[in-house]
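Structure first, commentary second.
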Amino acid sequence: MITPTKGIAPDRCLLAVGAQILLQLDEPRSVSQTWSRLKTWRAQHSHTSPVSFSWFVLALDVLYSMGAVELDQDVLVARSMHAAPLER
């Protein structure tokens with residue numbers, strides 16, 4: 001699931017979808033705005049493998065666990081790779 005496998009297309013694995021999500025977070029956005037932008041971006045770039053909302057949320061979970069995104073006042077924010085580590 002996290003990486004491509006025989007049954008998971010490379011453009012649908014969670015790391016790839018997570019990278020696609022990060023491309024949409026050039027500024028803080030709500031979850032629904034990010035989901036909408038991701039669907040549009042995938043269609044424009046000919047990614048035909050289906051990505052459901054639940055798969056999108058799993059990709060967000062992976063990004064959150066890696067410290068790449070955070071939810072701040074109901075908006076998603078991409079964290080800089082040079083930012084201070086999160087304290088949880």
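Enumerate the amide H contacts of ARG29 below 5 Å, restricted to partners 5 or more residues apart or on another chain; note that Pro and chain-start residues carry no placed amide H.
Counting only residues 5 or more places away or on other chains, the set is LEU76.
If N is the number of residues in the chain, what value comes out of its Cα radius of gyration divided by 2.2 N^0.38 Å?
So the chain has a normalised radius of gyration of 1.07.
Largest first, how would ARG12, ARG37 line up by accessible area (1.4 Å probe)?
Of ARG12, ARG37, the descending order of accessible area is ARG37, ARG12.
Compute the signed sum of charges (Lys and Arg +1, Asp and Glu -1) over the other residues within less than 12 Å, Cβ to Cβ, of TRP35.
+4
Would you tell me the accessible area of LYS39, worked out with a 1.4 angstrom probe on the heavy atoms of the protein chains, in Å² to the nearest 10?
For LYS39, solvent-accessible area is about 110 Å².
Order of 66-75, 15-24 by packing, highest average Cβ count within 10 Å first?
15-24, 66-75
Hey, any idea what % of the chain's accessible area is carbon plus sulfur with a 1.4 Å probe?
After summing per-atom areas, the C and S share lands at 58 percent.
The values are calculated or read from the model by the stated rules, or taken from the named source; none is laboratory data. Predicted, not measured: the structure shown is a model, and the values here were computed from it. Ideal geometry is used to build each Cβ from the backbone, glycine not excepted, and the neighbour counts take in all protein chains shown. Heads up: the accessible areas ignore ligands, DNA and RNA and are worked out on the full protein's heavy atoms, side chains in. Shrake-Rupley method; radii C 1.70, N 1.55, O 1.52, S 1.80 Å.
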